[in-house]
Structure formats: C-alpha cells, structure tokens
Amino acid sequence: MHPAGTACMLSLPLVESEILDFKRDWSGSQRCLQTLAAFANTRGGTLLLGVEDDGTTVGGFDPSDPEERRIVSSVVDLLRLTPEVKRIPAPNGQVVFSLTVRSSPTLVPFQGRYLTRVGASNRDMTPDEIARRAVESSGQTWDGLPTSHPFGLDGNDPHLSPQALAEFLALSRSAVPYADPADPQRRTLENLGLVREGRPTRAALLLFARRPQDTSSGTGVQIAQFRDGRLLQERVIDGPLLRQVGETLDTLRVFLGVGYDIGDRALIEGRGELSLLERVQRAENWPYPLAALREAVVNALIHRDYATADRTQVRVEEEQLSIWSPGGLMPGISLQDLRQPRHPSRRRNPMLADAFHTAGLVERWGTGTTRMLRTMSEAGLPEPEFDEDSGGFRVTFRQSVLSDDRMALLNGRQQQALRYVLQYRSITNAQYRELTGAPERTASLDLKKMVDLGFLIRKGKGRDVSYLLTGSPQ
C-alpha cells in the first residue's frame with residue numbers, strides 16, 4: 001500500500017458538520033464506519049482521526065502502514081467504499097489521519113441499517129427516504145412514478161379535478177394551444193408527458209387531484225404568523241399545487257397587512273407600459289417584493305421532497321419572513337452556487353418543474369434564486385438568505401439589516417458606520433476612520449467583516465473602493 005497523501009496544515013478550531021466528523025482514534029471502529037456510511041448516503045464527507053469531539057484538541061493519530069491497511073480494508077470490506085486517505089499536519093506538530101468518502105449513487109448499508117447525515121450527527125433513514133433513494137438509483141424520480149389509478153373507459157380519472165386541469169390549461173394556452181379542457185383527461189395528460197404505463201403519474205395527481213394529500217401526506221403549505229414569539233394566526237393550504245401558490249400569496253397578503261399606495265401606478269411601480277386605466281388603479285404596497293415571494297413559493301413547491309410527511313412551512317414575523325421546504329439542495333449544488341447569475345439546474349421533481357414552466361410560473365432553469373436576489377436589491381432591501389436547515393431548505397427575507405439579532409453581530413464602531421451608510425448611502429475606508437477614530441488596518445478589518453456578514457457590499461477598486469448597504473442599487 002502506498003502511504004497516505006499529505007495535505008496542507010490543519011487549521012483550528014474545527015467544528016463538526018454535515019460533511020465533517022471527529023474521532024480520537026479507530027478504537028471505536030463501529031461508530032467510525034457508521035459515520036462513513038452516513039456520509040456516503042448524504043453528500044460525502046471527511047472523518048478526522050486524532051481530533052477530540054470539541055474540535056480544539058488534536059491528540060494525534062498516525063497509524064503504521066499495517067494499521068492503515070487494516071482501517072482501509074475495513075471500510076472497503078464492510079461498506080464497499082474506497083476512501084481517500086491523507087495525513088494532515090496539525091499546529092502542535094502532531095498528525096491527523098483523514099478518511100474521505102464521496103456521496104454514493106446507491107445506498108450504503110451498515111449492519112442492516114441505512115444511515116444519513118443531519119447536521120453534525122447520524123440518524124437512521126426513514127422508510128420514505130429509503131424508498132426515494134431506491135427510486136433515484138433506478139434512474140427514475142418520485143414524481144414520475146405511475147399511480148395505482150387507471151383511467152376509466154372514457155379516458156378520465158375520477159380522482160382528478162376537471163376544474164384544476166382547466167385552470168392549468170388556461171395558464172398554459174401559449175405553450176399548449178392545441179389542448180382542450182373537453183378532451184379526455186388521458187389525452188391531455190399524455191400530451192403533457194404526465195402518463196406512465198397507461199396511468200397518471202404522481203406529478204399529475206399533485207397538480208390536478210381533488211385530494212393531492214392522498215398521494216403525498218406532506219403536500220400542503222402551513223403558514224403561521226408570530227409576534228414577540230407568540231402565535232397570532234395560522235392556516236394550512238391544501239389542494240392542487242397551482243392553487244397552493246395563489247392561496248399562499250393571498251394568505252401572505254392578509255398576514256402581512258398589505259396596504260395600497262394611492263396615485264399613479266406607473267410612477268409608484270416604475271412601469272411606464274401601464275395603460276391609463278391601469279395607472280389609476282391602486283398599487284399594492286408589499287413589505288417584500290411580490291415577485292420575490294412568488295418565486296420562493298414556487299421554488300419550494302417544485303423542488304421539495306414529497307416523500308416526507310412534512311409540509312412546506314412559511315413563518316411570518318415582524319421583521320422577517322421565511323419559507324422552509326423539506327429536502328435539502330440536490331447533489332452538485334451548493335449554497336454559494338445559488339448566488340451565481342447562472343448555475344446548473346438540478347431538479348428533484350422534473351415533471352412538476354416542466355408543468356410549472358408550461359404554465360409560465362418558471363422562466364428559465366437555474367435563475368430563480370438570482371431573481372430573488374435582484375428583486376430584493378432593486379427594492380433597497382437586504383438580499384435573501386439561503387440555508388439548509390433541519391433536513392430542508394430555507395429562504396429568509398428581511399425588511400431591514402438593523403434587527404436586534406443582526407446588530408448584535410457588530411461592534412460599536414461597525415454599528416455607528418452602518419447608521420452612517422443608512423443616512424449617506426455609502427462609506428469609504430477614510431470616512432470610516434474619521435467617523436470612528438479607528439486606525440487604517442482596524443477599519444479595513446471592520447469593513448471586511450461587515451461585507452462577510454452581508455451588511456455591506458464592496459464597490460470599486462483601489463482608491464475608488466466604497467461600501468454600500470447590501471441591496472442598494474449600484
């Protein structure tokens with residue numbers, strides 16, 4: 001066996017995460033193998049041997065060649081995985097031994113269990129999760145599986161709502177001009193690619209069934225409004241997915257107390273193309289851009305994991321609104337990718353995505369998150385925050401960067417500078433020093449941290465560098 005490769009110096013302190021775990025040594029090999037199996041069943045990850053659980057004390061673990069071969073053989077024989085092995089120098093002069101495995105295209109069992117990684121811990125996969133992974137490994141998707149409902153002799157399915165299908169076709173008129181609501185449902189669904197093995201797919205039932213929850217118990221949106229941590233009101237929205245979009249936005253209109261601006265809508269909304277009649281109608285005054293909220297709701301319903309029993313959840317608070325949907329990002333997509341102008345589109349439910357695209361609710365693949373960023377910026381609001389949380393994906397919209405929790409992240413100088421930017425729109429390093437009395441290096445570090453935390457954006461180069469509030473038009 002060739003000796004393990006050597007990586008760059010380990011930087012401390014370390015924190016366990018979905019892709020990183022620590023063990024003092026290989027003596028607890030069962031727990032080590034459990035962690036590697038969980039990594040392989042999630043996004044891949046690295047196990048560091050020679051690191052304490054708190055991530056700050058490096059005990060050092062530098063196995064001999066025979067011991068290294070024994071460790072790697074255990075992983076290969078028991079998990080059918082081939083780990084990448086490295087020795088990493090630690091600051092105290094000792095060596096940490098690392099084992100890295102990639103995400104596996106098929107499920108990796110360990111002693112009859114299927115484990116997944118959630119945060120910094122391992123847990124058993126649910127039967128729904130195992131079934132979904134089995135479907136994915138077969139080259140199919142959950143939404144593309146045929147249901148047990150055959151069409152009747154007339155080509156219709158009594159589980160489907162003719163009204164929901166007609167509403168969809170009305171939205172899709174430009175994409176499917178030949179479709180007629182009076183046609184048998186089977187013909188319409190075949191033209192839309194929503195029939196498999198002569199039966200409606202799961203996507204068809206989520207889109208058009210009278211009771212989509214019979215196909216996925218987690219379908220539906222739960223919206224709750226809180227004030228000072230106290231629940232004020234909530235509503236659960238069920239029904240076909242396209243109706244869920246409209247009813248969710250209607251409910252948010254009520255929960256957010258959307259008012260109206262009286263005057264010329266063309267001037268208020270910056271829409272010179274409006275007709276004279278449209279110009280004198282009342283313009284809704286949303287605390288967040290309606291286009292950004294609609295995009296977030298549509299994304300949540302298209303890309304969520306319908307194999308789970310959890311609903312999509314919307315939480316409305318005084319200064320922020322968050323939308324959480326079960327199922328994290330698809331493999332190959334990172335949180336950083338979502339902020340790029342164009343990023344690959346990985347679709348968990350391609351049939352649902354195609355249907356929403358046909359209905360005109362999705363413009364181009366891989367641009368939804370950047371449209372949210374742009375519309376919030378154009379409204380002079382902080383950019384939305386994207387996170388993976390509790391086995392799902394969350395987008396958070398904020399009305400201001402000055403919430404108490406956010407301001408607590410800044411020191412006194414930075415808070416003073418932020419108030420200056422709110423008043424004067426921008427600040428330079430020289431202005432920061434004059435305002436706070438900080439030396440140049442301190443000012444540079446303070447401003448960099450404010451950029452890293454998402455309070456400010458940096459504009460310009462060299463002597464022309466200035467800092468603007470995140471979300472400000474540039």
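Brief remarks on what is shown
- Neighbour count of at most 13 Cβ within 10 Å plus DSSP loop: longest trypsin sites (Lys or Arg not before Pro)-free window in the chain: 174-270
- Pairwise centroid distance, computed over Cα atoms, of segment 344-414 with segment 196-212, Å: 29 Å
- Magnitude of the charge dipole, the chain, Cβ model with Lys/Arg +1 and Asp/Glu -1, debye to 20: 740 debye
- Annotation: the residues Ser322, Ser334, sorted from fewest to most other C-beta atoms within 10 Å of their own C-beta, follow the order Ser334, Ser322.
- Taking GluC sites (Glu not before Pro) as exposed when their DSSP state is a loop state and no more than 15 other Cβ atoms lie within 10 Å, the longest site-free interval of the chain runs over 53-196.
- Here's the picture: charge each Lys and Arg Cβ at +1 and each Asp and Glu Cβ at -1 in the chain, and of Leu241, Tyr288, Ser29 the one pushed furthest to the positive end of that dipole is Tyr288.
- Relative frequency of Cα-Cα separations exceeding 19 Å in segment 114-204, percent: 52 percent
- Separation of alpha-carbon centers, segment 125-168 and segment 81-107, rounded to whole Å: 41 Å
- 3J(HN,Hα) along segment 136-153: 5, 5, 7, x, 9, 10, 4, 6, x, 6, x, 8, 8, 9, x, 6, x, 4 Hz, from the Karplus curve 6.51 cos²θ - 1.76 cosθ + 1.60 with θ = phi - 60°, whole Hz, x for Gly and Pro.
- With θ taken as phi - 60° and the Karplus curve 6.51 cos²θ - 1.76 cosθ + 1.60 applied, the whole-hertz 3J(HN,Hα) list for segment 183-191 is 5, x, 4, 4, 4, 4, 5, 5, 5 Hz, x standing for glycine and proline.
- Three-way shape label, the chain, alpha-carbon gyration tensor, a/c 1.5: oblate
- A simple count of charges around Leu468, restricted to other residues whose Cβ falls under 9 Å of its Cβ and scoring Lys, Arg +1 and Asp, Glu -1, yields +3.
- From helices alone, the chain scores -9500 deg cm²/dmol at 222 nm; the rule is -39500 (n - 2.57) for each run of n ≥ 4 DSSP H residues, then divide by the residue total.
- Long-range amide H partners of Gly220 with built H, under 5 Å: Thr312
- Straight-distance candidates among the aspartates and glutamates for linking to Lys449, with alpha-carbon spacing under 15 Å and chain neighbours fewer than 8 residues away dropped: Glu440.
- Residues whose placed amide H lies under 5 Å from that of Asn285, excluding near-sequence neighbours: Gly259, Tyr260, Asp261
- Within a straight-line Cα-Cα reach of under 20 Å, Lys86 can be paired with the following aspartates and glutamates, leaving aside sequence neighbours fewer than 8 residues apart in one chain: Glu16, Glu18, Asp21, Asp25, Glu52, Asp53, Asp62, Asp65, Glu67, Glu68, Asp77.
- Maximal additional length on extending the Glu319-Ser426 stretch stands at 36.2 nm, based on 0.36 nm per residue less the C-alpha distance.
- Value of relative contact order over segment 144-214, rounded to a whole percent, pairs C-alpha under 8 Å and six or more apart: 48 percent
- Derived scalar couplings ³J(HN,Hα) [segment 197-205; Karplus, 6.51 cos²θ - 1.76 cosθ + 1.60; whole Hz; x for Gly, Pro]: 6, x, 10, x, 7, 4, 4, 4, 6
- Spin-label model distance (nm) - Ser174 vs Asn285, 7 Å beyond Cα toward Cβ: 3.2 nm
- Directionally averaged projected area (convex hull, Cα atoms, segment 405-469), nm²: 3.9 nm²
Read-outs throughout are calculated quantities, based only on the coordinates presented, and are distinct from any laboratory measurement. The shown structure was predicted, so the numbers you read here are calculated from the model rather than taken from an experiment. Don't worry about glycine lacking a Cβ; one is built from the backbone with ideal geometry, like all the others, and counts go over all protein chains shown.
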